[in-house]
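Right, one structure below, let's go through it.
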Amino acid sequence: MALELRSIHKHFGAVRANDGVTLEVQEGELHGVLGENGAGKSTLMKVISGFIEADSGEVHLHGERLALQSPDDAIKAGIGMLHQDPLVFLPLTVLDNFLLGSPGSFRLNRRAGEQALREAADRYGFSFDPGALAQTLTVGERQQLEIARLLWLGARVLILDEPTTGISAAQREKLFEILNRLAEDGMIVLFVSHKLEEIEQLCHRATVMQRGKVVGHVDAPFSSDQLVEMMFGDVVVSEGRPDAALGSTVLELDAVTVSERLTTVEELSLHVAAGEVLGLAGLEGSGQRTFLQACAGLLKPKAGTIRLGDVDLTGRRYRNFLDAGVHYLPAGRLEEGLVAGMSIAEHFELTSGNASFFVDWNGAEAAATRDIEHHFIKGTKESVAESLSGGNQQRLLLAMMPDDVRLLLMEHPTRGLDIESADWVWTQLLARRESGTAIVFASADLDELLRYSDRIAVFFSGNVLRIVDAGTTTPDELGFLIGGKESVP
Amino acid sequence: MNDLVRRLRVPVVSVVLALAATWLLLVVVDAPPLDALWQIWNGSLGRLSKIPDTLIAWVPLTLAAAGLIVTFQAGMWNIGVEGQIVMGAIGAAFVVRELSGPPAVVIVAAFVVGALFGIFWALIPGYLRTRFGVHEIFSGVALVFVASAIAVYLIIGPWSRTGVASTSGTDLFEERYWLPTVGADEYSWLAILVAVAAVVAIAVLMRGTRYGLRLKAVGKNHHSAFLMGIPTNAYMLSAFAMCGALAGIAGTVQALGFHHKLVPSISGNYGFLAILVVLLAGFRALWTAPIALFFAAMLVGSTQLSLRLGIDSSLAGVIQGMLVLFILVVGAWQAQRTRRLARRAETATTAGGG
Amino acid sequence: MKGRRGAALLILLVAFALIAAACGDDDGGTTTAADGGTATTAAGTPTTAAGTATTAAPDMMVPDDFQVGMILVGPQNDRGWSQAHYEAGLYVMEKLGLPEANLIVLDKVNTADRPETTLPDVVADMIDQGADVIFATSDDMRDGIEQAAGQFPDVPMIWSSGDSAWVDGKAYKADLSNLGNIMGRMYYGKAIAGCAAALTTQTGNLTYLGPLINDETRRLVNSVYLGARYCYENYAGGDPDDLSFEVKWIGFWFNIPGFTLDPTQVTNEFLAAGSDVVVSGIDTTEALVRAGQEQDAGNAIWAVPYDYEDACAEAPEACLGVPYFHWGPEYLKVAEDVIAGSYTRDFVWAGPDWGDLNNRDTTAIGWYDGDALAADAAGSLAEFIAGLASGEIDLWVGPLNNQDGSVWLGDGEKATDFQLWYTEQLLEGIVGASAAE
């Protein structure tokens, strides 16, 4: 008896989030699902738990094919999903929360509910008090509450999507303990993470995904080298990188400490020269974004200095960074770059640098039409940003960039793009570089990092583990560094 | 053409639905529907003598709506506009009561001070929003109550009529400080001129200028706008200030051109109603003028229901409420539809282009 | 996105509130105007007192299209001031033999309920519709009706409770020759109300729920006070100086949430401070309703409502009686004069028909004993009324001091109409504001 996925396909536009995923998990198995952000893990879990419907493919549980059209269908079939942010009504008590999604009739059976809650708590060692208010619970305890509720609803398959985000080490240990006990009771547990060590510590078996596909299944004990290799795939560094003459130092960081929420980058010293491309490697959330935002003037360092050329910009406003020639293109193209609801022409006019009080719309539209052609954007001057594909959004963003950028900071320049767009993006970037722009970009794509960078800074849990010369580094070495291993075994 | 049809769909469908529901309601309460609608028409725009009365409601409604266009463009719900009207009226009343001089000077001063009071009252929620992230709806609602309380305090306290403490209002202002009119009982041409100028100016500002373009970016995605180098907080505050100024002018018009004194309910709910006008206008400045006219006609014309047909006048309130509900429902339906279409279109283009 | 949705929800709530508020106005209105007509039938005895005898001249030719416009400040079914006027309008129609439809009524004409409407507009509308005479029935309508009278100098108008037509008054408008005034001498009714309160109180703590502060309202508060002191001393055998008497003003004739104090709240404060009889001076019946709730809960709390003859019906178990207006007789006289083309504007301050205080054809003000008035108190009250009627009891005679200690009436000095009408201060001994601070 098992959970079985057969050839699950799910497309979002041109993006193949799940591209023929097949997977089998036995009863009592703690199964890890591993992959970089965007590998398709979350989509797959949402398909299994009924939040989204697959385009094609089948889900079988205990030999029976399931028709999953809603989370309700899933939970009735015994599949429950624990969300990253457990849905808990804070002003209510633990018991009330537990009863909220209770099975069966309209009438609440408080006593039965309380008993079920206590039984689950005793059995799995949950530590909360049913009468306490939910807002007094820690995130870890809220997860326990949610697990208890899913069990009461009859879940036999439990899906956890990145459950360790935002909980303490002790809470994580507790969670792992509970999951182990659930597996001992014959539960199927799907554990989604991009953290190698968690999978290694907890799971019996793991499936590695990359770009919507299953790369392979691995049994415990795992070798992290193998997992890393599977996560990042085979990298063929083909053509030699075009070398450009490096100019004077554009960006200089001296012992910069900066933090944002959970991530802290400590005492980072680094410099980037004009015409240089610096790649930022590392697992998602290892400090690359924090670093980029500090360089863009969006985060104020707690210590250290940031200089741009001769100018000390430490603690200055974003505006000053802009004026100094810094340009930042974050990962969220439609969230932190373009404005949904505004047309291409309006975008061009917004960033044109014109200062006249009235806008000459005829001129602006003519210019927009020219720019659209020039940058091969598939769209018209009236197209609103959200109607563009990812590739065209990226083209628009690059087209909007002013000419005199000295330092370009970029996250995932080609993520989600088709090959043609990705090539075009790099053609543009390299042309910028030719004219002396320093480029710092973060990427999860080893191929891209190795192919276009001069140097690569590898981030691991908030720190730069090492800065390597891209020309002399192999994909394997880079993969190990990303996984936190200083040396190749 | 197609575009026009799409733009007109929400207002037209909601008005038609509301009229249909009104029809039903009138039948239920045993009133002649056609006659009732005719009376509303005849009591507002259908007769020359009634048009000034309709404009009395139209002017403050339009001014407030024009102001709200700006804050909506900046992505904010300046629900406190009602209180900003009250403060404008208080400012204008202050000038007219305390200052004496040539009427032209005093009236201009009243407009300026009224606008300044409105700006001040609008900047409070603006500041709380940009500095502390307090949502402008909550602070705005609170400030409406505070403004009303100040007006009531002035009316029964320091500005009360001699020997009288009534919330029915202050003494009438000196007649020379009333806004100029053409005929004896006509509404002030100056008030109408101000409202028309405001709508046109706001329409141009929002659509034809860099300020309007940037404000739109701030409103639609202030994160992206900030990254583009637009000082988003300053733009948000300026939008509040502009709306406050227009609301303050609306209050000034109410005080100097209509009531000729300060009364507690001087804002007349026009601020709240203006929110609906702007929603119905789809956030387009020029559309607020005709839609405000429709609302004004409903307001003014419904008096005829009780006068001539003996229908309880609260029915007019029910009709207005229904209209609002239908606008919201149809508007939501339209928005959902647009989103669905957009998603479909997006899928199509991405699939086609990459 | 979230913000938008939240805001939309809020708007939705506002919309519901609009509808609910609009519908809510009907709540009190289940009783139709006809219920009010329980007044005693005409005794037909004209009196020699200040009351004016009126009977519709039977031989009068009443044109079928004669219409009366009546503008009310509150709801026409408020069981108070506005309903009293409305029923007077119906009375006029009945006496003239005209259908109710000839009475054009617009109620709730105030800036809070109808922000977009001005009084001159309403007058113009009514005239346009064919109204031959206009009654503007609130003190609050001074500015508007004076403006309208100037605009339509050929249409007779009445501003009830005003003084614009009083040649000797402070605000005489000589040029508005079509605008007359009508008022009832309610100070008698209020004195009776004060007497009933004093005869009933167990705590000696009387309170007055006041509307706004002006000459009229001060006059009425003083009258209640004088009546209470007289009866407390002469019938209850108490020391009038032991009687505590406080007035609180809500700010308008009726409750406008947000703009006035809440009358129910003020009544609660009175009760909390130990008062057991609340005399109401506002147009609506909140004080009586509260007292009724207290009576139902077994507490000895009473109230005296105001304005409208059937006001006690809201809570008879707590009602000591009601001083009320009969606008009908005077309004009928005006209507008849207008029909005859002989109307000349006048300032009419009509008194009670002492012969029959409740004769709807003859008296301008009246008093009904309430169910809650004890039998012996009722006896004393009747004695008091008889004393007033005969002139044996005159409360408005000196020495009487103002609240600030200055002399209002010297020893033996009788108040003139002018002194009474323009009452500038509350009397010494009354707790509460005489004027706006």
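Just a few scattered comments:
- Failed item in (1) without any contact (Cβ under 8 Å) to a residue 60 or more places away in the chain; (2) under 20 Å from residue A:116 (Cα atoms); (3) among the small types (Gly, Ala, Ser), with residue A:170 passing the rest: (2)
- The single condition from (1) more than 17 Å from the chain's Cα centre (by Cα); (2) polar (S, T, N, Q); (3) buried (at least 22 other Cβ atoms within 10 Å of the Cβ); (4) away from chain B (no Cβ under 14 Å) that residue C:205 fails is (3).
- Where a residue in the stretch B:48-60 is in contact (Cβ under 8 Å) with a residue 60 or more places away in the chain and its partner, wherever it lies, is charged (D, E, K, R), with Cβ under 8 Å and at least six apart: B:52/B:185; B:52/B:186; B:53/C:116; B:53/C:121; B:56/C:116; B:57/C:116
- Among the helices (runs of 4 or more DSSP H) confined to the stretch A:301-379, the ones with at least 2 residues that are among the small types (Gly, Ala, Ser), without any contact (Cβ under 8 Å) to a residue 40 or more places away in the chain and not assigned by TED's automatic domain parsing to the domain that holds residue A:442 are located at A:361-374.
- With respect to (1) touching a residue at least 60 places away in the same chain (Cβ under 8 Å); (2) in contact with a strand residue (DSSP E or B) (Cβ under 7 Å, 6 or more places away or on another chain); (3) away from chain B (no Cβ under 14 Å), the lone exception for residue C:433 is condition (3).
- When restricted to residues that are part of a strand (DSSP E or B) and more than 19 Å from the chain's Cα centre (by Cα), the stretch C:246-276 contains 2.
- Residue count for the stretch A:329-360, restricted to those that are touching a helix residue (DSSP H, G or I) at 6+ places or on another chain (Cβ under 6 Å) and among the hydroxyl-bearing types (Ser, Thr, Tyr): 1
- Scope the stretch C:313-336; condition among the hydrophobic types (A, V, I, L, M, F, W, C), within 30 Å of residue C:178 (Cβ to Cβ) and part of a strand (DSSP E or B); matching residues: C:325
- Residue B:300 being within 12 Å of chain C (Cβ to nearest Cβ), assigned to a helix (DSSP H, G or I) and crowded, with 24+ Cβ neighbours inside 10 Å: yes
- Residue in the stretch B:256-270 that is of a type in the set (Lys, Arg), closer than 30 Å to residue C:148 by Cβ and not in a helix (DSSP H, G or I) present: yes
- Criterion: among the β-branched types (Val, Ile, Thr) and free of Cβ contacts under 8 Å to residues at least 40 places away in the same chain - qualifying residue of C:334, C:322, C:397: C:397
- Failed item in (1) within 20 Å of the chain's Cα centre (by Cα); (2) within 30 Å of residue B:261 (Cα to Cα); (3) buried (at least 24 other Cβ atoms within 10 Å of the Cβ), with residue C:194 passing the rest: (2)
- Every listed requirement among (1) in contact (Cβ under 8 Å) with a residue 40 or more places away in the chain; (2) more than 30 Å from residue B:206 (Cα to Cα); (3) not charged (D, E, K, R) is met by residue A:419 save one, (1).
- Test: residue in the stretch C:415-424 that is in contact with a strand residue (DSSP E or B) (Cβ under 7 Å, 6 or more places away or on another chain), within 17 Å of residue C:216 (Cα to Cα) and within 14 Å of chain B (Cβ to nearest Cβ): no
- Yes/no for residue B:136 being acidic (Asp, Glu), in the same structural domain as residue B:267 (by TED's automatic domain parsing) and more than 30 Å from residue C:422 (Cα to Cα): yes
- The stretch A:162-213, residues that are among the β-branched types (Val, Ile, Thr), more than 16 Å from residue A:139 (Cβ to Cβ) and touching a Lys or Arg at 6+ places or on another chain (Cβ under 6 Å): A:192
- Looking across the stretch B:193-217 at every residue that is surrounded by fewer than 20 Cβ atoms within 10 Å (Cβ to Cβ) and of a type in the set (Val, Ile, Thr), the one that is nearest to the other protein chains (Cβ to nearest Cβ) is identified as B:209.
- The number of residues in the stretch C:100-117 that are facing chain B (nearest Cβ under 8 Å) and either within 23 Å of the chain's Cα centre (by Cα) or surrounded by fewer than 21 Cβ atoms within 10 Å (Cβ to Cβ) (or both) comes to 10.
- Residue count for the stretch A:341-357, restricted to those that are surrounded by fewer than 17 Cβ atoms within 10 Å (Cβ to Cβ) and either modelled with pLDDT of 90 or more or on the phi > 0 side of the Ramachandran plot (or both): 2
- Scope the stretch B:207-221; condition assigned to a helix (DSSP H, G or I) and either within 21 Å of residue B:282 (Cβ to Cβ) or in contact with a Lys or Arg (Cβ under 8 Å, 6 or more places away or on another chain) (or both); matching residues: B:207, B:208, B:211, B:212, B:213, B:214, B:215, B:216, B:217, B:218, B:219, B:220
- Considering residues of the stretch B:236-273 that are of a type in the set (Ser, Thr, Tyr) and surrounded by fewer than 24 Cβ atoms within 10 Å (Cβ to Cβ) only, the residue farthest from the other protein chains (Cβ to nearest Cβ): B:238
- Residue that is farthest from the other protein chains (Cβ to nearest Cβ) [pool: residues in the stretch B:126-185 that are acidic (Asp, Glu) and over 21 Å from the mean Cα position of the chain (by Cα)]: B:174
- Hits in the stretch B:274-291 - residues which are under 18 Å from residue B:204 (Cβ atoms), within 14 Å of chain C (Cβ to nearest Cβ) and crowded, with 23+ Cβ neighbours inside 10 Å: B:278
- Taken over the stretch C:337-350, the criterion of being in a loop (DSSP other than H, G, I, E, B) and of a type outside the set (Val, Ile, Thr) is satisfied by C:341, C:342, C:343, C:345, C:346.
Per-residue answers, yes or no, for (1) part of a loop (DSSP other than H, G, I, E, B); (2) at pLDDT 95 or above; (3) surrounded by fewer than 22 Cβ atoms within 10 Å (Cβ to Cβ):
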position: B:57; (1), (2), (3): no, no, no
position: B:62; (1), (2), (3): no, yes, no
position: B:75; (1), (2), (3): yes, no, yes
position: B:78; (1), (2), (3): yes, no, no
position: B:85; (1), (2), (3): no, yes, no
position: B:88; (1), (2), (3): no, yes, no
position: B:91; (1), (2), (3): no, yes, no
position: B:96; (1), (2), (3): no, no, no
position: B:105; (1), (2), (3): no, no, yes
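- Answer residue from the stretch A:406-423, given it is surrounded by fewer than 19 Cβ atoms within 10 Å (Cβ to Cβ) and not basic (Lys, Arg) and is farthest from residue A:274 (Cα to Cα) among those: A:418
- The stretch C:241-274 - residue that is among the small types (Gly, Ala, Ser) and surrounded by 14 or more Cβ atoms within 10 Å (Cβ to Cβ) and, of those, farthest from the other protein chains (Cβ to nearest Cβ): C:244
The values are calculated or read from the model by the stated rules, or taken from the named source; none is laboratory data. The structure displayed is predicted, hence computed values, not measured ones. When we count neighbours, we look across all protein chains shown, and the Cβ atoms used for this are built from the backbone with ideal geometry, even at glycine.
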